[in-house]
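First up is the structure itself, then whatever we jot down about it.
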Amino acid sequence: MSKKNLVVIGYGGMGGWHVQHALDSDVVTLLGVYDIDPARNALAESRGIHAYATYDEVLADDRVDMITVAIPNDSHEAVCIRAMEAGKHVICEKPVTLSCESLQRMCEASRRTGRVFSVHQNRRWDVDYLAMQQLADSGEIGEVIRIESRIHGSRGIPSDWRGIKKYGGGMLYDWGIHLIDQVMLVIPEPVVQVGCAFDHITNKEVDDGFRLELTFASGKTAYVEVGTYNFIAMPRFYMRAQKGTALITDWREPCQVVKCKYWHESEVLPVETAAGLTKTMAPRDEVTTDTYRLERPTSDVHTYYRNFTAAMDGTATQLVTHPQMMRVLQVIEAAFDAAENNRIVTCHI
Ligand code: NAD
């Protein structure tokens, strides 16, 4: 398979990330970047990276096989559709766009032009998520009952376009889109109920954190929480299953598992709490449980681009599919409805 010629659109934080990884990729060759801000183009040139003068110039360059779009969220649709119409395959940064209607137009452009179009759900290759996914898939602790996924910081929402509604700011579109995608892969069932509440601690215009509760068709549940005003972080993942519980305190830490070996204990000693006594909440002994840590999964940052370019050649199907992209956005829309109207949304997503 020959390498594909790539141009990165938007040379900001994430555009820089794509450029850096494209430079040591075994499947793409970086032809250059284009940023609407001449200062960013000049910076690219100063680093020895070719900068196109206009977007039209990128689209007119027949050598360009594919583009990666890393610009503010509200501009994704127009830029991606124009590229597909010019014959380029498109990787779009997340959130792919701001509404399901808009995504429909983008997917329609992909079908019409026959170009591969996908969203960069790179956090499917985060090792913390992979540990949870692999544990759930293995059945080692039985069927998942509930997964809780949290990401906590303490710096508020960034003061750039991410804090402004018309650019598609807010944490639900930002981290939310990743964490929702992940839990929907761990529990592969239709979502039938969505509840959501927003934080507005450092920003009144967009959510600077949220708490989202999903109920799936069989009654399993997922909780997703993003906070940007948490000076003590809660654990990254907590998963309850039929035969045990798993915990990841922090993405740098391995997954801890406590598996139930025997349900019944011969003798439960009550524990004294500060002003009382409990048997129900007494810790279990080592006879009835196994406690261990899972080896951290391995992950390769280039997997996404390898799959995308193989899909361009028709030798693989794309890992991040249009129906998956649509389902995540449908949940996001339901979450906005739930938060803004203070209600639980029933659905079949
Ligand atoms: P940023 O503000 O750092 O950079 C955006 C760049 O796009 C700026 O340099 C800006 O001048 C340029 N730009 C704006 N409109 C443009 C246009 N029409 N054509 C060309 N250039 C244009 O923002 P960022 O953090 O790099 O975010 C960019 C995108 O990447 C967003 O969609 C964001 O959600 C996403 N992102 C994804 C991840 C991830 O892990 N997948 C992480 C961060 C950001």
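Readers should treat all values here as calculations from the given coordinates under stated rules, not as data from a laboratory. No experiment lies behind these values; they were computed from the predicted model shown. Because the Cβ atoms are built from the backbone with ideal geometry, glycine has one as well, and the counts that use them run over all protein chains shown.
Express as a percent, rounded to the nearest 5, the fraction of DSSP beta bridges in the chain (both residues included) that run antiparallel.
Within the chain, antiparallel bridges account for around 60 percent of the total.
Are there trypsin sites (Lys or Arg not before Pro) in segment 1-96 that DSSP puts in a loop and that have at most 15 other Cβ atoms within 10 Å, and which ones?
Numbers: sites: 3, 4, 40, 47, 63, 82, 88; in loops: 3, 47, 63, 88.
Answer in residue order: 3, 47, 63.
For the chain, modelled as a GNM with alpha-carbon contacts under 10 angstrom, which of 150, 211, 296 fluctuates the most?
296
Remind me, relative contact order of the chain in percent, using alpha carbon pairs under 8 angstrom and six or more residues apart?
Worked out over the chain, it gives 17 percent.
So which of 165/220; 4/166; 3/94; 94/261; 259/279; 94/243 end up more than 30 Å apart, counting from Cα to Cα?
Beyond 30 Å: 165/220; 4/166; 94/261; 94/243.
Counting every Cα pair in segment 4-120, what percent are over 19 Å apart? Walk me through the numbers on the way to the answer.
Numbers: 2717 of 6786 pairs.
Here the long-distance tail beyond 19 Å is 40 percent of all Cα pairs in segment 4-120.
Evaluate E = 1/(1 + (r/R0)^6) for residue 267 and residue 185, where r is the Cβ-Cβ distance and R0 equals 35 Å; express this FRET efficiency to the nearest 0.05.
0.25
Taking the chain as a Gaussian network, Cα atoms linked when under 10 Å apart, which of 181, 26, 65 shows the biggest mean-square fluctuation?
Highest fluctuation among the options: 26.
Restricting things to Cα coordinates, could you compute the convex hull volume per residue of segment 63-124 in Å³?
Expressed per residue, the convex hull around the Cα atoms of segment 63-124 is 81 Å³.
Suppose only helical runs count, i.e. DSSP H with n ≥ 4. What mean residue ellipticity at 222 nm does that imply for the chain under -39500 (n - 2.57) per run, divided by all residues and rounded to the nearest 500 deg cm²/dmol? Numbers along the way, then the final one.
Details: 9 runs with 103 residues, N = 349.
Result for the chain: -9000 deg cm²/dmol, rounded to the nearest 500.
Can you list the HN-Hα couplings for segment 325-331, worked out from phi with the Karplus curve (6.51, -1.76, 1.60; θ = phi - 60°), rounded to whole Hz and with x for Gly and Pro?
Values, residue by residue: 4, 5, 4, 4, 5, 5, 5 Hz.
If the viscosity is 0.692 mPa s and the temperature 37 °C, what Stokes-Einstein diffusion coefficient in µm²/s follows for segment 114-179 when Rh is the Kirkwood radius over Cα pairs? Intermediate values should be presented prior to the final figure.
Numbers: Rh = 14.8 Å.
So the translational diffusion coefficient is about 222 µm²/s.
Amide H of residue 69 versus every other amide H placed in the peptide plane: which residues, excluding those fewer than 5 positions away on the same chain, fall under 5 Å?
Those lying under 5 Å, H to H, from residue 69 are 9, 91, 92, 93.
Amide H of residue 169: which non-local residues (sequence gap of 5 or more, or other chain) have their own amide H closer than 5 Å, using H built in the peptide plane?
Residues meeting the amide H criterion: 164.
Which far-off residues, 5 or more places away or on another chain, put their amide H under 5 Å from the one on residue 28, with H placed in the peptide plane?
Under 5 Å from the amide H of residue 28 lie the amide H atoms of 4, each far enough along the sequence or on another chain.
Using only the alpha carbons of the chain, determine the length spanned along each of the three principal axes and report them from longest to shortest in whole angstroms.
Computed over the Cα atoms, the extents are 76, 45, 40 Å.
Determine how many Å³ per residue the convex hull of the Cα atoms of segment 201-349 encloses.
232
Tabulate in residue order the Karplus-calculated ³J(HN,Hα) for segment 7-18, using 6.51 cos²θ - 1.76 cosθ + 1.60 with θ = phi - 60°, rounded to whole Hz; enter x for Gly and Pro.
Each residue of segment 7-18 in turn: 10, 9, 9, x, 10, x, x, 7, x, x, 4, 4 Hz.
Just to verify a number: FRET efficiency for residue 348 and residue 287, C-beta to C-beta distance, R0 = 41 Å, to 0.05?
Taking R0 as 41 Å, the efficiency between residue 348 and residue 287 is 0.40.
Need the full-extension length gain, residue 56 to residue 321, defined as separation in residues times 0.36 nm minus the C-alpha distance. One decimal, nm.
Contour length minus the Cα-Cα distance gives 92.6 nm.
Is there a quick way to get the dipole size of the chain? I mean about its Cα centre, with the Cβ of Lys and Arg at +1 and of Asp and Glu at -1; what is the value in debye to the nearest 20?
Charge dipole of the chain: 240 debye, to the nearest 20.
Got a sec to turn the phi values of segment 30-39 into Karplus ³J(HN,Hα) couplings, 6.51 cos²θ - 1.76 cosθ + 1.60 with θ = phi - 60°, whole Hz, x for Gly and Pro?
Per residue, the Karplus-derived 3J(HN,Hα) values read 7, 8, x, 10, 9, 10, 5, 9, x, 5 Hz.
With each label point set 7 Å from Cα along the Cα-Cβ vector, what nm distance links residue 275 and residue 256?
For residue 275 paired with residue 256, the spin-label model returns 2.9 nm.
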